[in-house]
Amino acid sequence: MKEFTIRVSRFDPDEDKAPHLETYTVKVNEGARVLNVLHAIHDELDPTLSYRYSCSSGQCGSCAVRVNGEPVLACMEEARDGMTIEPLHLDVKKDLVTDLVPRLEQIASLVAKKDTVLPKKADIDAMKPLKDCIECLCCVSVCPAVDVTKFLGPTAMRQEMRLALDPRDSGDRVPDAVRDGLFTCTSCQACWKVCPKEIEIPGKAIEKLRARANKAGLTLPRHLEVAALIKETGRSVPRTAESFLEKAGGTIEPYGPVKATVGFFVGCMYNLRQQQSALDAMEVLRRNGIRVIIPKEQICCGSPLIRTGQLDYVDTLKKRNIETFQSRKIGTVLTMCAGCGSTLKNDYKTPFKVIDINELLTQYGIEPPARLPIKATYHDPCHLLRGQGVRDQPRELIRQVVDLV
Amino acid sequence: MLADEVCDCHVLVIGSGGAGVRAAIEASKHGETVLISKTIVGKGGCTPMAEGGYNAVLREQDSCGIHREDTLKGGAYLNNPELVDLLVKESPLRMGDLVKWGAVFDFTEQNELAQRPFGGQRFPRTCYAGDRTGHEMMMTLVERLDSTDVTTLQEYTVIELLKDRDGDAVIGAVALDEKGDLVLLKADSTILATGGGAKIYDISTNSSSGTGDGFAMGYRAGAELIDMEMVQFHPTGAVYPYDARGRLVTEAVRGEGGILKNAKGERFMKKYDPERMELSTRDVVARAIATEIMQGQGTAHGGVYLDVTHLPGEQIETRLPVMLEQFLRFGVDIRTTPMEVAPTAHHVMGGLRITPHGQTTLPGLFACGEVAGGVHGANRLGGNALADTQVFGKRAGEAAGKEGRRRKSVDREQVGAQLGRLAGFCAGNTNPALVKRDLQLAMWQGAGIFRNAGDLEETLATANQLSAVHLRAVSDRNLAECCIVQNMCCTASLVCRSALLRPESRGAHVRTDITQTHDAEHSPFGHTFISLSREGIEPREMQQ
């Protein structure tokens, strides 16, 4: 047996104005889960603690809570000393019990066609990955769009896509999805990173539904404008000043010995809006021994089209970009833009390695920078943290310059 | 705690697993139906945890006759043959309903429902959705329920059935809402679909709802139960870490080719059932594993090995994804490391005596699913429980729906008795969680796989003594828990009493203190029966 001291959020709407954390010390067995700690508190110390559970084996989705801020299934997550257990970020009924039912009721149901149609194996195989959902609502609890719009949330979109794939369903799922907030998803990827079943809702449901919406003429006007601009100029933002590619030379040789050679994929924002940041980055690379090749023929990576379901032109962009770097025999392509990096890594099949600048600079090291006497914090870009899994490297670099808090 | 909320409906369904939801869907065609559940509908009960599959005769090479024979033989010929006939004949039809309503079961390359082999069956007739078959069924049923007029009362705990003032008829139930306030529910017909009660054991696969509420409430209302001694111990439950003990490791693992080995590396099933090996019936495999462990051939964690490392990784990933994920969570990659498993209490074969229409021995009260007895005899075949929920869920729902209106006058005395019971909890002195723990340990010790009269008597005494303690509810929200612990004690005593009534070893029920010369097929005994008014064991003739 081990002794754990943990904190649990307590809230009784009949008595409390706001939730508060209560500290408990309990004895638990080796390998205990979060749920076993809650049982220990309830059984030994305080039977008034309310929490919900049923199957205790990760299959029913009743027991999701936040542990140290992260949504988890209490029955599957290993308990740790010092942890803080709070309810999901949803309406709280009492203590750790959230009001799941109204949100579950918003998830669409299959409406069978009058004549029985049977699915084919291909239909089954397409639907299956979307059917692992246990409706624990972890995804809904972290969705920033749900907080500020009427978006029904990630799993509701998952279900719309699953129904859209089902030949037995008589519903018109794409307009329903649009009505329920399909276009409010920011593609931040938070939902599937907390999903206990790892269902990739943004890529496997939301972008797929948006592609169907595109075929149905339901793409948003602003998104259509961006697509038209990409087709016309190869870029997703209009040119308002001299671009990075126009300013920067073909190859940047380092001042000192060459530690590595990379091709640089600039992306629309650094090319046309944040040129100076990109130029500064080139100088950093130059001082730290990285040779950078900058092919001018590169164009938009296609992310704005892929995210909004406008796929017609995407293959053209991919082909052009891949050929551009491949023809120069570049083995590693460097990105600065989180979105472009995530797209090249996840949506492309590249014959070269793709690396983010934070990964590159921590891999090869940088000359000690001058320290600035400021306290700073860091906001992870969605497509760097969750799209590429790059978390520690930017912090490591920033810590060398400022006091990171 | 005031009985000021009254709900009046045609059919009241208690329980929201596979049987309850199926019953509610059917009943709603005939009149106003209320589905009441102590959990969120779709999340509670054991159906969403059912992994392996659903037995249905679908192929020309298979037949209902063979399925019937397999089921009777697997059930040690204690099953009610009429109920078995219905199970095998209607299971494919009910599977058809599920597919029509959108279930995503695995398909073959020929676009037919895929089937896998399961224990004790001569044909691979177990349909599946990976190893989350029950979850797929539940999702489908809840979606279908959405298109009906059924009213759902979620996270309400039914604490007692209500009976007519002047007769035997059940006319509804008394429930507590999540805050502990009393609610009266009147119904022309009431369906118990409360599932089983394997949570009365320390080591169990069941969800939090497997507390035997339906057995206990049915018994207290005067219904007759049969074969309550027949508790299935699933051969393969997890053994570590301690808090994960008993978690189901699906039979599909063996269906897909998993093999059992003792600590010496011997494939021991050849000693116990050389013909069917790992795919013998659950009673046989569970006893074999328990025997190996008792003889000192168990692993360090007190189990035996269940090995799939010889199977292709892709087969494990696509057919057993839940198993893979669960074991990975506990640090074991089943693609490269054998699992360690031991028996775990899984299913109660006994239950309320029912007719083919799910009618219990009390007017107005129906039962379906695990709470009903007779379908599975002395040992259930893997894959027959999910089929049971659908076949008898529909039958009970339809029969209850077709019942006439009933005059329902609530008996103030019965309501008063419940208020008194609840007031007693508020003044009680014993923590129900501790009573539950004592009961579970006693049942595992004295009424497990191997039984004898002395241990059963002692366990019964413990259950009775625990039934009598003054449970304490520290707040109104804790009242339901006290009622549930009382139901567990009552269910445990029914199991022990019935086990003492059966002087033979049969199926899952093994009496080490009795030597017998007959085999199951030639047993002189039929069902055990137990009710408020009588108890005993039927001779075999009466039951056939």
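Picking from B:ALA447, B:ALA427, B:ALA423, B:ALA461, which residue would you name as being small (Gly, Ala, Ser), away from chain A (no Cβ under 14 Å) and crowded, with 16+ Cβ neighbours inside 10 Å? On inspection, the qualifying residue turns out to be B:ALA447. When the range B:258-312 is examined, which residues are found to be among the small types (Gly, Ala, Ser) and more than 26 Å from the chain's Cα centre (by Cα)? Scanning the range B:258-312 gives B:ALA263, B:GLY265, B:GLY296, B:GLY298, B:ALA300.
Among all residue pairs at least 6 apart or on different chains, which show Cβ distances below 6 Å where the first residue, located in the range B:105-126, is within 10 Å of another protein chain (Cβ to nearest Cβ) and the second is among the acidic types (Asp, Glu) and assigned to a loop (DSSP other than H, G, I, E, B)? Final answer for the pair search is B:ALA114/B:ASP106.
Taken together, A:LEU118, A:LEU88 contain a single residue that is in contact with a Lys or Arg (Cβ under 8 Å, 6 or more places away or on another chain), under 22 Å from B:HIS135 (Cβ atoms) and in the same structural domain as A:SER141 (by TED's automatic domain parsing), which is A:LEU118. If you scan the range A:90-111, which residues turn out to be of a type outside the set (D, E, K, R), closer than 23 Å to A:ARG179 by Cα and either buried (at least 19 other Cβ atoms within 10 Å of the Cβ) or more than 8 Å from every other protein chain (Cβ to nearest Cβ) (or both)? Within the range A:90-111, A:LEU90, A:LEU100, A:PRO102, A:LEU104, A:GLN106, A:ILE107, A:ALA108, A:SER109, A:LEU110 qualify. Does the range B:218-229 contain at least one residue that is in a helix (DSSP H, G or I) and within 22 Å of B:ALA27 (Cα to Cα)? There is at least one residue in the range B:218-229 that is in a helix (DSSP H, G or I) and within 22 Å of B:ALA27 (Cα to Cα).
Rundown of residues vs (1) surrounded by 14 or more Cβ atoms within 10 Å (Cβ to Cβ); (2) farther than 30 Å from A:THR186 by Cβ, yes/no style:
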site: A:ILE252; (1), (2): yes, yes
site: A:TYR255; (1), (2): no, yes
site: A:LYS259; (1), (2): yes, yes
site: A:PHE265; (1), (2): yes, no
site: A:CYS268; (1), (2): yes, no
site: A:GLY309; (1), (2): yes, no
site: A:VAL333; (1), (2): yes, no
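In the range B:198-211 there is at least one residue matching the filter, namely being touching a residue at least 60 places away in the same chain (Cβ under 8 Å), surrounded by 24 or more Cβ atoms within 10 Å (Cβ to Cβ) and closer than 29 Å to B:GLU413 by Cα. Of the helices (runs of 4 or more DSSP H) lying entirely inside the range A:114-190, those containing at least 1 residues that are in contact (Cβ under 8 Å) with a residue 24 or more places away in the chain and hydroxyl-bearing (Ser, Thr, Tyr) span A:138-142, A:154-164. Any chance the range B:279-289 includes a residue that's under 21 Å from B:GLN115 (Cα atoms), surrounded by fewer than 24 Cβ atoms within 10 Å (Cβ to Cβ) and not hydroxyl-bearing (Ser, Thr, Tyr)? Yes, there is a match, as at least one residue in the range B:279-289 is under 21 Å from B:GLN115 (Cα atoms), surrounded by fewer than 24 Cβ atoms within 10 Å (Cβ to Cβ) and not hydroxyl-bearing (Ser, Thr, Tyr). Which ones in the range B:329-354 are assigned to a loop (DSSP other than H, G, I, E, B), closer than 23 Å to B:PHE233 by Cβ and not hydrophobic (A, V, I, L, M, F, W, C)? Matches in the range B:329-354: B:PRO338, B:GLY350.
Scanning the range A:336-388 for residues that are among the charged types (D, E, K, R), touching a helix residue (DSSP H, G or I) at 6+ places or on another chain (Cβ under 8 Å) and either assigned to a helix (DSSP H, G or I) or closer than 23 Å to A:GLN326 by Cα (or both) returns A:LYS345, A:ASP347, A:ASP356, A:GLU359, A:ARG386.
Under the condition of being of a type in the set (A, V, I, L, M) and part of a strand (DSSP E or B), the residues counted in the range A:90-106 number 2. Reported count of residues in the range B:2-19, each being over 15 Å from B:ALA399 (Cβ atoms) and more than 14 Å from every other protein chain (Cβ to nearest Cβ), is 9. Is it the case, given these coordinates, that B:PHE425 is among the hydrophobic types (A, V, I, L, M, F, W, C) and within 30 Å of B:MET95 (Cβ to Cβ)? So B:PHE425 fails the test. The residues of the range B:227-246 that are in contact with a Gly (Cβ under 6 Å, 6 or more places away or on another chain) and not small (Gly, Ala, Ser), listed by number, are B:ASP227, B:MET228, B:MET230, B:VAL239, B:PRO241. As for the range B:363-381, it holds at least one residue that is surrounded by fewer than 23 Cβ atoms within 10 Å (Cβ to Cβ) and either in contact with a Ser or Thr (Cβ under 6 Å, 6 or more places away or on another chain) or more than 14 Å from every other protein chain (Cβ to nearest Cβ) (or both).
Check the range B:186-193 and report whether any residue there is closer than 30 Å to B:LEU320 by Cβ, modelled with pLDDT of 95 or more and either surrounded by 24 or more Cβ atoms within 10 Å (Cβ to Cβ) or under 18 Å from the mean Cα position of the chain (by Cα) (or both). Checked the range B:186-193: at least one residue is closer than 30 Å to B:LEU320 by Cβ, modelled with pLDDT of 95 or more and either surrounded by 24 or more Cβ atoms within 10 Å (Cβ to Cβ) or under 18 Å from the mean Cα position of the chain (by Cα) (or both). Can you name every residue in the range A:389-405 that is buried (at least 19 other Cβ atoms within 10 Å of the Cβ) and in a loop (DSSP other than H, G, I, E, B)? Within the range A:389-405, just A:VAL390 meets the criteria. Say we look at the range A:114-127 and pick out the residues that are within 7 Å of another protein chain (Cβ to nearest Cβ) and out of contact with any helix residue (DSSP H, G or I) (no Cβ under 9 Å at 6 or more places or on another chain); which of these is surrounded by the most Cβ atoms within 10 Å (Cβ to Cβ)? The residue in question is A:ILE124.
Listed conditions (1) assigned to a strand (DSSP E or B); (2) at the interface with chain B (Cβ under 9 Å from one of its Cβ atoms) are all met by A:THR25, apart from (2).
Taking the criterion of being touching a residue at least 60 places away in the same chain (Cβ under 8 Å), in contact with a Phe, Trp or Tyr (Cβ under 6 Å, 6 or more places away or on another chain) and either outside the structural domain of B:LEU182 (by TED's automatic domain parsing) or under 30 Å from B:VAL34 (Cβ atoms) (or both), would at least one residue in the range B:404-420 satisfy it? No, because not a single residue in the range B:404-420 is touching a residue at least 60 places away in the same chain (Cβ under 8 Å), in contact with a Phe, Trp or Tyr (Cβ under 6 Å, 6 or more places away or on another chain) and either outside the structural domain of B:LEU182 (by TED's automatic domain parsing) or under 30 Å from B:VAL34 (Cβ atoms) (or both). Within the range B:465-488, residues that are at the interface with chain A (Cβ under 10 Å from one of its Cβ atoms) have Cβ atoms under 6 Å from residues that are surrounded by fewer than 21 Cβ atoms within 10 Å (Cβ to Cβ) and part of a helix (DSSP H, G or I) in these pairs: B:ALA473/B:CYS426, counting only partners at least 6 apart in sequence or on another chain.
The residues in the range A:173-207 that are farther than 14 Å from A:ALA156 by Cα and more than 14 Å from the chain's Cα centre (by Cα) can be counted, and the count is 2.
Select, from A:CYS268, A:CYS340, A:CYS301, the only residue that is modelled with pLDDT of 95 or more and within 12 Å of A:PHE244 (Cβ to Cβ).
A:CYS268
B:LEU162 meets the conditions (1) of a type outside the set (Lys, Arg); (2) in a loop (DSSP other than H, G, I, E, B); (3) more than 12 Å from every other protein chain (Cβ to nearest Cβ) in every case but one. The failed one is (2). Which residue, of B:LEU78, B:LEU87, B:LEU35, is in the same structural domain as B:GLY383 (by TED's automatic domain parsing), under 19 Å from B:GLY196 (Cα atoms), part of a strand (DSSP E or B) and touching a residue at least 60 places away in the same chain (Cβ under 8 Å)? Only one candidate passes the filter, namely B:LEU35.
The values are calculated or read from the model by the stated rules, or taken from the named source; none is laboratory data. Worth saying up front: this structure is predicted, and the values here are computed from it rather than measured. All Cβ positions, glycine included, derive from the backbone under ideal geometry; neighbour counts span all protein chains shown.
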